[in-house]
Amino acid sequence: MRIDKFLWCIRFYKTRSVATDEIKKNRVSIGENSVKSSKEVKIGDVIKIRKNQIDYKVKVLQLPKSRVGAKLVPEYVADFTDPQQYEILKIRRSEQQFYRNKGEGRPTKKDRRDIDEYVGADPSEKIATNWEDFFSGLEEEVEES
């Protein structure tokens, strides 16, 4: 089985094209050697994957016939990733939540309604849709000046 298809089948990447792109960027290797997308995976191979600045290491136990469910992944690969790498990932996720809490940033629809209510904007007021009327007021201002 090709390595790009294998990584997609064991749900390491969402699509096969993403797996191929990551392989082209030399983020996937078997043993110590970088590989191409067409490299055949065999039972017993140790695959090293760099994803989200974390170095994963998995060993192939079986080759799936097609994409497998998340609960069945441990039957096909054994995880040999250093526990320290998972700690780094946990710390990075907590840092992201610290700087930007959920709901911050772009206002939600509810936030926008609350802001409009506070400012006093009437949502029933609409922008002029008749462009001749809209621009006629501008022409009069330009002629006066």
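The values are calculated or read from the model by the stated rules, or taken from the named source; none is laboratory data. Here the structure is a predicted model, which means the values were calculated and not measured. Quick reminder, even Gly has a Cβ in these numbers, built from the backbone with ideal geometry, and neighbours come from all protein chains shown.
Every listed requirement among (1) among the aromatic types (F, W, Y); (2) closer than 20 Å to V18 by Cβ; (3) not in a strand (DSSP E or B) is met by Y56 save one, (3). Any idea which residue in segment 1-19 is nearest to the chain's Cα centre (by Cα), counting only those that are crowded, with 21+ Cβ neighbours inside 10 Å and either of a type outside the set (F, W, Y) or farther than 13 Å from V77 by Cα (or both)? Among those that are crowded, with 21+ Cβ neighbours inside 10 Å and either of a type outside the set (F, W, Y) or farther than 13 Å from V77 by Cα (or both), it is A19. Among the residues of segment 69-88, those identified as without any contact (Cβ under 8 Å) to a residue 60 or more places away in the chain and either in a helix (DSSP H, G or I) or outside the structural domain of S29 (by TED's automatic domain parsing) (or both) are A70, K71, L72, P74, E75, P83, Q84, Q85, Y86, E87, I88. The sole residue among V41, V28, V77 that is touching an Asp or Glu at 6+ places or on another chain (Cβ under 9 Å) and either hydrophobic (A, V, I, L, M, F, W, C) or at pLDDT below 90 (or both) is V28. Do we have G105 as surrounded by fewer than 10 Cβ atoms within 10 Å (Cβ to Cβ), modelled with pLDDT of 90 or more and of a type outside the set (D, E) here? Answer is no for this residue.
Of the residues S94, S66, which single one is farther than 20 Å from E22 by Cβ, modelled with pLDDT of 70 or more, assigned to a helix (DSSP H, G or I) and of a type in the set (S, T, Y)?
S94
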